[in-house]
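Structure record follows, encoded as structure tokens.
The values are calculated or read from the model by the stated rules, or taken from the named source; none is laboratory data. In this text the structure is predicted, and so the values were computed from the model without any measurement. Here the Cβ is made from the backbone with ideal geometry for all residues, glycine too, and neighbour counts use every protein chain on show.
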Amino acid sequence: MTEFTPKIVAFVCNWCAYGGADNAGSQKLEYPAAVKLIRVMCSGRVEPEMVMQAFRQGADGVMVLGCHPGDCHYRNGNMKALRRFRLFSRLLAQFGIHQDRFVFDWVAASEGKKFQTVATRLAAAVQKLGPLSLTGYVRQGEPS
């Protein structure tokens, strides 16, 4: 039997969270290699449908990481994302997705260690839950 390696998608804001991920790399802080970054201009531009699409296409866990409150380059995009994803995380169970498979958090460009911690915690939670199986959806690469 092969060991399960969780696939994690991270939507990271261009101005802060992406810098945090880059900072983690610069400091040689290890985080799961299965974390794939998707750089967006602002966490406020990430729609719940984008998160669901990541799950449908094979992600076992998804993170949305933005600037800390008061630091958004687009005024309040991060607060818009916070309101949106607070509600969204409560709806995940209706789609057959455990809440622990999704994380919304703040990561500044200087917080490489925090990026590492958030990514590692999500990967550990997803590892414990096992592969995501969405009833009614065909995951990318699987026969229909």
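Can you tell me which residue among D105, D100, D60 is of a type outside the set (A, V, I, L, M, F, W, C), surrounded by 14 or more Cβ atoms within 10 Å (Cβ to Cβ) and more than 17 Å from F4 (Cβ to Cβ)?
The conditions single out D105.
Within the set of pairs 6+ apart or on separate chains, which have a first residue in the range 108-121 that is under 11 Å from D22 (Cα atoms), a second that is hydroxyl-bearing (S, T, Y), and C-beta atoms under 6 Å apart?
Q116/Y31
Under the condition of being at pLDDT 95 or above and under 28 Å from E3 (Cα atoms), which residue from the range 33-49 is surrounded by the most Cβ atoms within 10 Å (Cβ to Cβ)?
This residue is V35.
For the range 99-138, give me each residue that is touching a strand residue (DSSP E or B) at 6+ places or on another chain (Cβ under 6 Å) and part of a loop (DSSP other than H, G, I, E, B).
Answer for the range 99-138, where residues must be touching a strand residue (DSSP E or B) at 6+ places or on another chain (Cβ under 6 Å) and part of a loop (DSSP other than H, G, I, E, B): just V107.
Which of the residues spanning the range 94-129 are at pLDDT 95 or above, more than 13 Å from the chain's Cα centre (by Cα) and either more than 17 Å from L82 (Cα to Cα) or among the β-branched types (V, I, T) (or both)?
Within the range 94-129, I97, H98, A109, S110, E111, G112, K113, K114, A124, Q127, K128, L129 meet the criteria.
Of these, L91, L87, L132, which one is more than 19 Å from C16 (Cα to Cα), crowded, with 17+ Cβ neighbours inside 10 Å and more than 12 Å from the chain's Cα centre (by Cα)?
Exactly one residue qualifies, and that residue is L132.
Would you please name the residue that is farthest from P69 (Cα to Cα), looking only at residues in the range 1-17 that are among the aromatic types (F, W, Y) and modelled with pLDDT of 95 or more?
Among those residues, the one meeting the criterion is F11.
Condition check: exposed (fewer than 15 other Cβ atoms within 10 Å of the Cβ), under 26 Å from K128 (Cα atoms) and in contact with a Gly (Cβ under 7 Å, 6 or more places away or on another chain). Does F4 satisfy that?
yes
Search the range 4-15 for residues that are in a loop (DSSP other than H, G, I, E, B) and pair each with any residue that is of a type in the set (G, A, S) and buried (at least 20 other Cβ atoms within 10 Å of the Cβ) when their beta-carbon atoms are under 7 Å apart and the residues are at least 6 apart or on different chains.
P6/G61; P6/A123; K7/A59
Can you confirm whether the range 20-29 contains a residue that is out of contact with any Pro (no Cβ under 6 Å at 6 or more places or on another chain), more than 18 Å from D105 (Cβ to Cβ) and charged (D, E, K, R)?
Yes; the residues of the range 20-29 include at least one that is out of contact with any Pro (no Cβ under 6 Å at 6 or more places or on another chain), more than 18 Å from D105 (Cβ to Cβ) and charged (D, E, K, R).
Out of (1) without any contact (Cβ under 8 Å) to a residue 60 or more places away in the chain; (2) part of a helix (DSSP H, G or I); (3) buried (at least 16 other Cβ atoms within 10 Å of the Cβ); (4) not aliphatic (A, V, I, L, M), what's the single condition that is false for C72?
For C72, the exception is condition (2).
For the range 34-66, what are the residues that are free of Cβ contacts under 8 Å to residues at least 60 places away in the same chain, assigned to a loop (DSSP other than H, G, I, E, B) and within 14 Å of the chain's Cα centre (by Cα)?
Correct list: C42, V46, E47.
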